[in-house]
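Read the structure below first, then the notes.
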Amino acid sequence: MRNLKIIHSPNRAINQLIEAIKINDTHVLKELYQNNYRKIEILVLKNSGTIDHAKDIYQDAFLAVWQNIKQNKFQPQNETALNGYLYTIAKNKWMDFLRSKEYKKTVVTSKLNNFSIKDTHLDLKDDDILKENRLQNVMQAFKDLGLPCRSLLMKFYFEKKSMNTIAEELQLDAASTRNKKYRCMQKLRKLALKEH
Amino acid sequence: MDLDKNMTQEELAHIERYINNNLTFEELSIFEEKLKNNPDFKNQVEDIKTLLFGIEKQALKEQLDTFHKDIPIEVIEDKKQPKFRFLNFKKTAVAAAVIIALGSFWYTNRSTPKSVFAKHYTPDPGLPTTMSSSDNFIFYDAMVNYKRKDYLTAISKWQPLLLTKPNNDTLNYFIGSAYLADGKEKEAIPYLKKVTLFKEETFKNDAFYYLGLAYLKVNNVELAKKNLNFSTIDNSKDILSELED
């Protein structure tokens, strides 16, 4: 029993953290983002990159980590593992960039030996690539959607507000809000299809 | 994405309830049966899932630049600094300042309780907001407001927490500290006083010190002395001796 108790407490902290990430708790996401950025900036700057590179790579990695947590592809045992994972993904993304055609012309390959290559979580199968493409289409479509629909769908699906709260904010009754949301979803589906 | 089949509002709502795990047990078994036997339906569900996830991901993506804008520069050093060391440094610095100040103004300046307060008071620096200690996200979120000197916002976030944990020494201490830092010593006093009565030791010493200062500010020298006497912070001795003059 005593052992259980000791194990229990850190588990609870990480589980709470993961739950908060899954429901898009902005404060938690922001803190995670801010606490891990500088390490990546140092890495990129030390390895022939600029501050803008660092930011782009880091944001990419951050979204990938968020996605893998949401989809239960990555379940960290503690916060250190989470931070390490974010670092590794960013590092690998930077390494991929350095290896890319865009960059290769200008760099000596021996510089790249500092990096290790493994990242099992990012190995995509064909099916995954297809899914990822669809997701990209939806994201682009959502970006192109009109502002009223964007903000309505964001309240529902990102901020996870309840129907009643949103109806109140819009000064509408629940039925009209529901209907509005439905029409916005239809618009988004149509747009996403065009992206295809 | 399958658009040829138009989905009704009810169908969409039903699929969403499935995705959010909100179907009843019976509804769920019917739903899963349909998933198994109807590939078109399965695709439709997958598409809706992608749609919902795409909204979330794009929404988050658009927030990242806001996150990026105010990354604190000293983020690494700040986190590692334990509280007591900072206090020690502060104490030494303040003590040195007091000695110099006393030396130069000994005969020329007779101080009032308020001026003694103004001279000695610096707000509690707050707790480091590392994620590792984030058992309570709201608490640390408010701590960020506190550190940015947005004391009223911090208080408004801490107050609801206090309703569920009225005898938490940390909460009482920082609500009191926030009021004091915001220039509301009368509001601060009851919270700080409460901390001095708890049996938890963590904030007791600091609470006596700040409670003493708060009493100074409301001109109650007697209670100020009494509380400062209980505090072992070096600075309280200096203040006490200053009050004796």
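The values are calculated or read from the model by the stated rules, or taken from the named source; none is laboratory data. The structure presented is a predicted model; accordingly, all values stated were derived computationally and were not measured. Every residue, glycine among them, receives a Cβ derived from its backbone with ideal geometry; neighbour counts consider all protein chains shown.
General observations
- Among the residues listed as A:K46, A:K39, A:K30, the single one being more than 10 Å from every other protein chain (Cβ to nearest Cβ), out of contact with any His (no Cβ under 7 Å at 6 or more places or on another chain) and either charged (D, E, K, R) or surrounded by fewer than 19 Cβ atoms within 10 Å (Cβ to Cβ) (or both): A:K46
- Taken together, the residues in the range A:55-87 that are in a helix (DSSP H, G or I) and within 16 Å of the chain's Cα centre (by Cα) amount to 22.
- Every condition in (1) at pLDDT 90 or above; (2) more than 19 Å from the chain's Cα centre (by Cα); (3) of a type in the set (F, W, Y) holds for B:Y191 except the one numbered (2).
- For the range A:112-135, the criterion of a residue being modelled with pLDDT of 90 or more and facing chain B (nearest Cβ under 8 Å) is satisfied by at least one position.
- Matching residues, the range B:172-190, being touching a helix residue (DSSP H, G or I) at 6+ places or on another chain (Cβ under 6 Å) and crowded, with 24+ Cβ neighbours inside 10 Å: B:N172, B:Y173, B:I175, B:G176, B:A178, B:L180, B:A188
- The range A:139-183, residues that are at negative phi, over 19 Å from the mean Cα position of the chain (by Cα) and outside any helix (DSSP H, G or I): A:L145, A:G146, A:K161, A:S162, A:L172, A:D173
- In the range B:51-74, of all residues being part of a helix (DSSP H, G or I) and exposed (fewer than 14 other Cβ atoms within 10 Å of the Cβ), the one that is modelled with the lowest pLDDT corresponds to B:K69.
- Matching option when the condition is outside the structural domain of A:Y87 (by TED's automatic domain parsing), at pLDDT below 95, under 21 Å from A:L63 (Cβ atoms) and surrounded by 15 or more Cβ atoms within 10 Å (Cβ to Cβ), among A:L191, A:L153, A:L170: A:L191
- All helices (runs of 4 or more DSSP H) inside the range B:134-222 with 2 or more residues being under 30 Å from B:S241 (Cβ atoms) and touching a residue at least 60 places away in the same chain (Cβ under 8 Å): B:204-217
- Residue-level analysis places B:N136 outside the set of residues that are within 14 Å of chain A (Cβ to nearest Cβ) and at pLDDT 85 or above.
- Hits in the range A:123-150 - residues which are surrounded by 13 or more Cβ atoms within 10 Å (Cβ to Cβ) and of a type in the set (K, R): A:K131, A:R134, A:K143, A:R150
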